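K.L.:
Submitted below is the structure of interest, expressed as structure tokens.
The values are calculated or read from the model by the stated rules, or taken from the named source; none is laboratory data. Source: prediction; values computed, not measured. In this analysis, Cβ positions are derived from the backbone assuming ideal geometry, glycine residues included, and neighbour counts consider all displayed protein chains.
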Amino acid sequence: MSMTSREWAELEYLSAHVDKLLSRYHAARAMAKISKCFGAIKTIELEIAETSAMRDVLVSRLSDRVADQVIAPAATAAEANS
């Protein structure tokens, strides 16, 4: 598996993980209304923030690679036509 393939797989994983965390967050908020225990909410919020930040870095890296793949062939073609 190439580096880019692993990164795309990681992006899928991180996105799914954020979705699961959001579900846990909503469930924890619902339970906190009853139990008045808000510690789990803060922990989940922190994990959502960390996972989202990791995903943002990965998206940026993947975007740079995609842009490089689009720009490099165009630049090479333009140089060949000059």
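K.L.:
If you check Leu46, Leu11, which single one turns out to be part of a helix (DSSP H, G or I), within 11 Å of the chain's Cα centre (by Cα) and at pLDDT 95 or above?
P.N.:
None of the others qualify; the one that does is Leu11.
K.L.:
Further question: Is it fair to say Val57 is at pLDDT 95 or above and on the phi < 0 side of the Ramachandran plot?
P.N.:
Taking the combined requirement at face value, the residue satisfies it.
K.L.:
So which of Arg24, Arg6 ends up being exposed (fewer than 13 other Cβ atoms within 10 Å of the Cβ), assigned to a helix (DSSP H, G or I), on the phi < 0 side of the Ramachandran plot and out of contact with any Cys (no Cβ under 7 Å at 6 or more places or on another chain)?
P.N.:
Working: Arg24 fails: exposed (fewer than 13 other Cβ atoms within 10 Å of the Cβ).
Being exposed (fewer than 13 other Cβ atoms within 10 Å of the Cβ), assigned to a helix (DSSP H, G or I), on the phi < 0 side of the Ramachandran plot and out of contact with any Cys (no Cβ under 7 Å at 6 or more places or on another chain) holds for just one of Arg24, Arg6, which is Arg6.
K.L.:
Also, quick follow-up: Could you give me the residue pairs with C-beta distances under 8 Å whose first residue belongs to the range 38-49 and is on the phi < 0 side of the Ramachandran plot and free of Cβ contacts under 8 Å to residues at least 60 places away in the same chain, whose second residue is assigned to a helix (DSSP H, G or I) and among the charged types (D, E, K, R) wherever it lies, and which are 6+ apart or on separate chains?
P.N.:
Ile41/Arg29; Ile44/Arg24
K.L.:
Here's something else I'd like to know. Restricting attention to the range 1-22, which residues are under 13 Å from Thr51 (Cβ atoms) and among the hydroxyl-bearing types (Ser, Thr, Tyr)?
P.N.:
Selection gives Tyr13, Ser15.
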